[in-house]
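K.L.:
Please see the structure below; I have some questions.
The values are calculated or read from the model by the stated rules, or taken from the named source; none is laboratory data. Keep in mind the model is a prediction, meaning the values are calculated, not measured. Here the Cβ positions follow ideal geometry from the backbone for every residue, glycine too, while neighbour counts run over all protein chains shown.
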Amino acid sequence: MGENLARKIIGSHLVGGKMVPGEEIAIRIDQTLTQDATGTMAYLQFEAMGIPQVKTQVSVSYVDHNMLQTGFENADDHRFLQTFASKYGIYFSRPGNGICHQVHLERFSAPGMTLLGSDSHTPTSGGAGMLAIGAGGLDIAVAMGGGAFYLTMPKIVGVHLKGRLQPWVTAKDIILEMLRRLTVKGGVGKIFEYFGEGLQDLEVPARGTITNMGAELGATTCIFPSDANTRKYFRAQGREAAWQELQRDPDSTYDEMIELDLNALEPLIAKPSSPDNVVPLSEVEGTPVAQVCIGSCTNSSYMDLMLTATVLRGKTIAPEVSMTLTPGSKQVYTMIARNGALTDMIAAGARILESGCGPCIGMGQAPPTGAVSLRSFNRNFEGRSGTPGDQVYLCSPEVCAASALTGVITDPRKLGAYPKVELPEEYMLDDNMLLSPSKEPEKVAILRGPNIKPLPLAAAQPNTVRGEVLLKVGDNITTDHIMPAGAKILPLRSNVPAISEYVFTRVDPEFPKRAKEKGGGFVVGGENYGQGSSREHAALAPMYLGLRAVICKSIARIHYANLINFGIVPLTFADKADYDQIAQGDVLEIADIGGQLNRGKRVTLVNVTKGTEIALEHALTPRQVKIVLAGGLLNEIKQGA
């Protein structure tokens, strides 16, 4: 029997384990990427390993998150990243060159290769036939050092795209429909592989939109085949030599199957405050809009902005609407500037932002109080925009553009004929903002600003773990809840003592103070704890505050791995009803934690306050048990050196 595409790529990179869903495997990594909010810490971790040069085929350091320089911190980090990349064999994408996922898709993606990125939206390059996976920075550091990436072998879910998209219905509506059906935890432990006749109308940028938001499903990754459309995109990017055809075998099977009839799909929208709160656009049509933002790594391609310019051309946005546009890369920005599309959008009243993440991570453009913000982004978690209680909706650029003109949420099908925007035969090719590493690395001095602090390490787990429940939270707690982003906090990513003062402050402003006063302890959570961003600081900073274990109903994949990497034990309730048996402030104890973790999958927790025992479970492999008992992956690496 033949193999599907995902299993083919995993199989060709497998260096440990068996491709049986649920078992731990190890794969070889060809490429890595970091961005500036995660990169500084990842490179400090790589430096701590004492390896003189990266061992991957390609590693790229992007600057796209911390672009707002209200103090010296971000600028210092960027100098550190540039000099570090030059010394250690890493390409450096300068500020202004674009959003990491857009640029990587354009200039580095390669069908059949593996990519590991310290950003949860790394699966964007799956639109070009890569196996692209988001992970924590420490996993990236290990991969750059030539180490394998360990993960649980996912189930492969085939997504059969039948029919053809109707006018004004887009790739964004495909992934919103997936979220409507499956929810933000429906992709945990799964890879989604798209195939079928519906691929014919999906160019690579559109495929990248779909794979990008696979992160919102909780998926390990998403992937499309490499076909004639992929080849056309690579040819237009001047990289046809990197293209190869990659398809599933005709007789291949999947662990699960989903069918999407594209003919029946209509414009969709995600209401506040979750990407899976998806309804038909018609349900909210007519809702007044105060802000419209088009961009982010999901919808900032040349195709997206050309469509937007066509809709806005010769018109003016509604007087009550503030509209921003973010070109995803310098390539996109330059092309729309040269062909007049940028002029059309400026003339219509749009505000043009620099090529970076910007509003998507709360770095500017916080919407007005109580007002609706319509965005072509990937996440609308409460408060992520920078406005408490925000009302952020997610939709396609087409819906955004139509609504900007009318001032209310508008079905773009009412605009008339759908504009035809063709993939260019040739993209503008100028990589002058991509710096190659030095050929004389021994002469490169790494520049470190005063905000870059030494990498903190956890102590090994004690034999008995005892402490208070520092915080009890509900379902779908995101990494934004745990370690907020935004213009005030993001510049502190290279200073763990400073950034730890903001852990959980959007949930409980007293958490950092309480954690320090109590000498650490436990956090108890509900379903899908730690969903969202790959930010390892959501584990690293709590570790610094003394967090020893999290006990939840379920834990999201990347955060689960990050907890292990920083010596925090991830545990789940054997009976989810026992969640109700623990209260914030209870004193908990796990005796002989090393012995319990090594003996089996059950762990006995004693609620000292209530005098009860609760059965917990863990899914740690023997390798992971050693890591958490050592106090984290870096400690384990040093012990094994």
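K.L.:
Looking at (1) crowded, with 22+ Cβ neighbours inside 10 Å; (2) part of a helix (DSSP H, G or I); (3) touching a helix residue (DSSP H, G or I) at 6+ places or on another chain (Cβ under 7 Å), which is the only condition residue 344 fails?
P.N.:
(1)
K.L.:
Any idea which of 285, 259, 320 is assigned by TED's automatic domain parsing to the domain that holds residue 179, touching a residue at least 12 places away in the same chain (Cβ under 8 Å) and more than 15 Å from residue 377 (Cβ to Cβ)? So that I can check it myself, show each step before the final result.
P.N.:
Working: 285 fails: assigned by TED's automatic domain parsing to the domain that holds residue 179; 320 fails: assigned by TED's automatic domain parsing to the domain that holds residue 179.
Residue meeting the stated conditions: 259.
K.L.:
Which of the residues that make up the range 101-113 are farther than 12 Å from residue 434 by Cβ, crowded, with 24+ Cβ neighbours inside 10 Å and among the hydrophobic types (A, V, I, L, M, F, W, C)? It would help to see each step written out before you state the result.
P.N.:
First, pick out the residues of the range 101-113 that are farther than 12 Å from residue 434 by Cβ: 101-102, 105, 109-113.
Pick out the ones that are also crowded, with 24+ Cβ neighbours inside 10 Å and you get 101-102, 105, 109, 111.
105 - this is the single residue of the range 101-113 that is farther than 12 Å from residue 434 by Cβ, crowded, with 24+ Cβ neighbours inside 10 Å and among the hydrophobic types (A, V, I, L, M, F, W, C).
K.L.:
Where residues in the range 1-21 are modelled with pLDDT of 95 or more and part of a loop (DSSP other than H, G, I, E, B), which of them is nearest to residue 144 (Cα to Cα)? Explain how you work it out, then say what you get.
P.N.:
Residues of the range 1-21 that are modelled with pLDDT of 95 or more, as a first pass: 3-21.
Subsequent filtering for residues that are part of a loop (DSSP other than H, G, I, E, B) retains 3-4, 17-21.
On the way: 3: 29, 4: 28, 17: 21, 18: 23, 19: 24, 20: 26, 21: 26 Å.
That would be 17.
Every residue, every condition in (1) over 28 Å from residue 62 (Cα atoms); (2) part of a helix (DSSP H, G or I); (3) modelled with pLDDT of 95 or more; (4) not assigned by TED's automatic domain parsing to the domain that holds residue 329, yes or no:
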{"site": "419", "(1), (2), (3), (4)": "yes, no, no, yes"}
{"site": "422", "(1), (2), (3), (4)": "yes, no, no, yes"}
{"site": "432", "(1), (2), (3), (4)": "no, no, yes, yes"}
{"site": "437", "(1), (2), (3), (4)": "no, no, yes, yes"}
{"site": "446", "(1), (2), (3), (4)": "no, no, yes, yes"}
{"site": "451", "(1), (2), (3), (4)": "no, no, no, yes"}
{"site": "454", "(1), (2), (3), (4)": "no, no, no, yes"}
{"site": "460", "(1), (2), (3), (4)": "yes, no, no, yes"}
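K.L.:
Taking only the range 22-60 into account, find how many residues are aliphatic (A, V, I, L, M) and assigned to a strand (DSSP E or B).
P.N.:
Number of matching residues: 6.
K.L.:
Follow-up question, since we're still on this one. Got a sec? Which of 242, 228 is without any contact (Cβ under 8 Å) to a residue 60 or more places away in the chain, farther than 25 Å from residue 478 by Cβ, surrounded by fewer than 24 Cβ atoms within 10 Å (Cβ to Cβ) and of a type in the set (A, V, I, L, M)?
P.N.:
From the options 242, 228, the qualifying one is 228.
K.L.:
To continue, here is another question. Filter the range 277-309 down to the residues that are buried (at least 19 other Cβ atoms within 10 Å of the Cβ) and farther than 21 Å from residue 177 by Cβ and list them by number.
P.N.:
As a first pass, look at the range 277-309 and keep what is buried (at least 19 other Cβ atoms within 10 Å of the Cβ): 278, 281, 289, 291-309.
The answer is 289, 291, 292, 293, 295, 300, 302, 305, 306, 308, 309.
K.L.:
Which one is modelled with the lowest pLDDT, of the residues in the range 619-641 that are surrounded by fewer than 19 Cβ atoms within 10 Å (Cβ to Cβ) and not in a helix (DSSP H, G or I)?
P.N.:
641
K.L.:
If I go through the range 324-351 residue by residue, how many of them are β-branched (Val, Ile, Thr) and over 23 Å from the mean Cα position of the chain (by Cα)? Break it down into steps so the answer makes sense when it comes.
P.N.:
The first filter runs over the range 324-351 and keeps only residues β-branched (Val, Ile, Thr), leaving 324, 326, 332, 334, 336, 343, 346.
Within this subset, residues satisfying the condition of being over 23 Å from the mean Cα position of the chain (by Cα) are 334, 336, 343, 346.
Number satisfying all stated conditions: 4.
K.L.:
Also, I was wondering about something else. Are any residues in the range 319-341 polar (S, T, N, Q) and either surrounded by fewer than 19 Cβ atoms within 10 Å (Cβ to Cβ) or closer than 18 Å to residue 291 by Cβ (or both), and if so, which ones?
P.N.:
Looking only at the range 319-341, we keep the residues that are polar (S, T, N, Q), and these are 322, 324, 326, 329, 331, 334, 339.
Residues satisfying the conditions are 322, 324, 326, 334, 339.
K.L.:
Looking at 170, 152, 122, can you tell me which residue is farther than 27 Å from residue 357 by Cβ and either β-branched (Val, Ile, Thr) or over 15 Å from the mean Cα position of the chain (by Cα) (or both)? Walk me through how you get there before you give the answer.
P.N.:
Working: 170 fails: farther than 27 Å from residue 357 by Cβ; 122 fails: farther than 27 Å from residue 357 by Cβ.
Answer to the selection: 152.
K.L.:
Of all the residues that make up the range 98-124, how many are among the polar types (S, T, N, Q), part of a strand (DSSP E or B) and farther than 15 Å from residue 191 by Cβ?
P.N.:
Our first condition is that a residue be among the polar types (S, T, N, Q); within the range 98-124, this holds for 102, 109, 114, 118, 120, 122, 124.
Next, only the ones that are part of a strand (DSSP E or B) stay: 114.
Checking the rest, the ones that are also farther than 15 Å from residue 191 by Cβ come to none.
Within the range 98-124, residues that are among the polar types (S, T, N, Q), part of a strand (DSSP E or B) and farther than 15 Å from residue 191 by Cβ number 0.
K.L.:
Just to be sure before I move on: is residue 127 part of a loop (DSSP other than H, G, I, E, B) and under 22 Å from residue 205 (Cβ atoms) in the structure I sent? Full working, then the answer.
P.N.:
Details: part of a loop (DSSP other than H, G, I, E, B): no; under 22 Å from residue 205 (Cβ atoms): yes.
It is false that residue 127 is part of a loop (DSSP other than H, G, I, E, B) and under 22 Å from residue 205 (Cβ atoms).
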